[in-house]
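The structure appears right after this line, and notes come after that.
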Amino acid sequence: MDQEITFEELGLAPEILDAVKAAGYETPSPIQAKAIPALLQGKNLLGTAQTGTGKTAAFALPLLSRIEFNAHETSLLVLTPTRELSIQVAEAIQQYAMKLPKVHVVPVYGGQDISVQFKALKRSANVIVATPGRLIDHLKRGSITLDKVQAVVLDEADEMLDMGFMEDVETILSEIPENAQRALFSATMPKEVLEIIDEHLGEYSEARIEGKTTTVENIRQRFLLVKSHDKMEALARVIEGEDFDGMLIFVRTKQATSEVSERLEARGFNVAPLSGDLAQTLRERTINRLKMGKLDIVVATDVAARGIDVDRITHVVNYDIPYDTESYVHRIGRTGRAGRSGNAILFITPRERRLLKTIEKATRQPIEAMSLPSAEQISAKRIANFQKKIQDKLTNTDLSKFREIFMKMTVELGSDIEEVAAAALCLAQEREPIFPKMEQLSTPKIREQGDKDNGGERKERKEGANGVEEGYLRYYLAVGRRDHVSPRDIVGAIAGEADISSAIIGRIKLFDKFSTVELPENTDQGVLDILSEMTIRGNDAKFRLMTDDAPPPKDRGFKGKKKFSKEKKPWSKEKPFREAHGDKPFRKTRRFGRH
Ligand code: AMP
């Protein structure tokens, strides 16, 4: 790895540097090393990066360093595709802003009671992290104004546009002051993203991580799909399930080296942390202990593990995904040394799925999916270990005193030798039961981008007697063609508001004044509650189940009053928003004379 630059050298504000230290980040990730200097200079930026590359800090650290925050003004706006991401990004920004005096970060997303958001916004919202649909709602109601925004960031632009937010994003961007700084992050560059870049990014610098291709022949690579909160449990099971000699586990931060190591130690593993925080001598000692076999597992950051050369390492576990393919290749190169074969296991959370593909491409090798060992497999391993330990005692220890006591006990208890031996075995395994009870960890679902890859699956679904797909229920939406609504808008609104996979959304039928959508019978009530408050293109969707006693209104006889049905920008007549912008019609797009 050649990025030797430090956070101190990047020119961040001292308060921000303090926050970075507190977060335990050792060095800037590649996208940070490229994006931070450009954003600090006030340039617009196009970042090609996906989740897991450290892109949130890549824009948040320089923008927080640069922006002059004023008490009741919204100075920084971040747009994200989903509510999950808006919460996550808001939390990260709040953390990076912790040493700045009073910077309030407010996440604004669909699905949450809007009045709760009104309150938070009223108190002050210096940074808003929003999903486009809900932000438009607030703009309509005048609860958010964007005229003081100094910087705007589009996070995961491709996902946002893929979910049908294109027009909303354009609308929002055209309301941002012309001189505001702009940054756009996207993992891929489809046509719609290029259009947004062309129309709204003006002159910009680029931060892109080059994926060098490398081959790593003698290493078997696997990945495990796991939810973030199950990672620790999954790690313990992987360690037990694998036949390994030495193991190196990679995490992102110094804190994580000690946290993960302590938790593994508590489970009885022979493990130590290794981070840049430790004095050089201590680091060397830890590596030596691993070499000598006095230690089996080391939990390290990239920096601390740089150049480790220990033949005994049979396994590298990427507990936290690396930022880029280069560090992935470097990490897994710590195993398979000296012509031996090695194993690399990569933990992937659903949001990080795209990095998997990038890595596969760069290493030109498929990474196999792996599953966790079952309770039976772990049981068999524990029994085998136990037997090995007994074998060891039989050969290496003088057992005469123990044999004497054992025989005495057998006589006093009046039991068979086998019975007493079984009871002793039972006692000895209590700390590490040889028949472990293990909770089933749920397999996370991967939301495929726009569900394009699953296109064929939909066609195979069977239709039930009532014309609805088997296993599905039909729901009514009070928006139709005359509201300029497309199926894409409906999928985008449902997937975005309720943060569910677009893959589970069934058939959509569009009528002039309403539409219907099919959702799985087992859809969570919480999801349905969220959807019942959903708006689509500014119209209350009045989402509800279609039952026999509540049929949809006849298309021709629909009497419901549409607030904004004919307007392209339905809220443009509403006061607060209009007032802020005079009588100009909506500027659909604006060019910045990109040179
Ligand atoms: P993101 O790509 O923004 O979703 O970030 C992924 C993860 O990397 C988050 O958990 C961050 O806290 C972490 N992270 C970001 N930058 C760094 C860094 N320079 N060093 C260590 N961890 C980082």
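The values are calculated or read from the model by the stated rules, or taken from the named source; none is laboratory data. All figures in this text were calculated on a predicted structure; none of them were measured in a lab. Reconstructed Cβ throughout: ideal geometry from the backbone, glycine too, with neighbour counts over all protein chains shown.
Annotations for the structure displayed:
- Per-region count, region 150-168, residues surrounded by 23 or more Cβ atoms within 10 Å (Cβ to Cβ) and either modelled with pLDDT of 95 or more or part of a loop (DSSP other than H, G, I, E, B) (or both): 9
- Any chance GLY293 is touching a residue at least 12 places away in the same chain (Cβ under 8 Å) and over 29 Å from ASP158 (Cβ atoms): yes
- Beta carbons closer than 7 Å, at least 6 apart along the sequence or on distinct chains, pair a first residue in region 15-27 that is touching a residue at least 12 places away in the same chain (Cβ under 8 Å) with a second that is near the ligand (Cβ under 6 Å from one of its atoms) for ALA23/THR253; GLY24/THR253; TYR25/THR253.
- Qualifying positions in region 255-281 - assigned to a helix (DSSP H, G or I) and at pLDDT below 90: GLN280, THR281
- If the condition is being surrounded by fewer than 22 Cβ atoms within 10 Å (Cβ to Cβ) and in a loop (DSSP other than H, G, I, E, B), then region 39-58 contributes GLN41, GLY42, LYS43, GLY54.
- Screening the candidates ALA97, ALA71, ALA92 for the property of being within 11 Å of the ligand (Cβ to nearest atom) and either touching a residue at least 12 places away in the same chain (Cβ under 8 Å) or within 21 Å of the chain's Cα centre (by Cα) (or both) yields one hit, ALA92.
- Filter pass, LEU61 being part of a strand (DSSP E or B) and either at pLDDT 95 or above or within 11 Å of the ligand (Cβ to nearest atom) (or both): no
- Test: residue in region 322-331 that is of a type in the set (Lys, Arg), assigned to a helix (DSSP H, G or I), modelled with pLDDT under 95 and closer than 30 Å to LYS55 by Cα: yes
- Of all residues in region 257-270, those that are surrounded by fewer than 21 Cβ atoms within 10 Å (Cβ to Cβ) and either within 26 Å of TYR323 (Cα to Cα) or not assigned by TED's automatic domain parsing to the domain that holds TYR323 (or both) total 4.
- Residue within region 294-311 that is surrounded by fewer than 23 Cβ atoms within 10 Å (Cβ to Cβ), of a type in the set (Val, Ile, Thr) and within 16 Å of the ligand (Cβ to nearest atom) present: yes
- Taken as a whole, the condition of being under 26 Å from SER275 (Cα atoms) and either touching a residue at least 40 places away in the same chain (Cβ under 8 Å) or within 12 Å of the ligand (Cβ to nearest atom) (or both) does not apply to PRO81.
- Being free of Cβ contacts under 8 Å to residues at least 12 places away in the same chain and surrounded by fewer than 23 Cβ atoms within 10 Å (Cβ to Cβ) is a description that does not apply to LEU10.
- First in region 163-178 and aromatic (Phe, Trp, Tyr), second anywhere and in a helix (DSSP H, G or I) and at pLDDT 90 or above, Cβ under 9 Å, 6 or more apart: PHE165/PRO132; PHE165/GLY133
- Residue in region 38-47 that is within 11 Å of the ligand (Cβ to nearest atom) and farther than 29 Å from GLU203 by Cβ present: no
- Top-ranked residue in region 312-339 [being among the polar types (S, T, N, Q) and surrounded by fewer than 23 Cβ atoms within 10 Å (Cβ to Cβ); ranked as nearest to the ligand (Cβ to nearest atom)]: SER327
- Total residues in region 240-272, condition more than 18 Å from TYR328 (Cα to Cα), within 16 Å of the ligand (Cβ to nearest atom) and touching a strand residue (DSSP E or B) at 6+ places or on another chain (Cβ under 6 Å): 2
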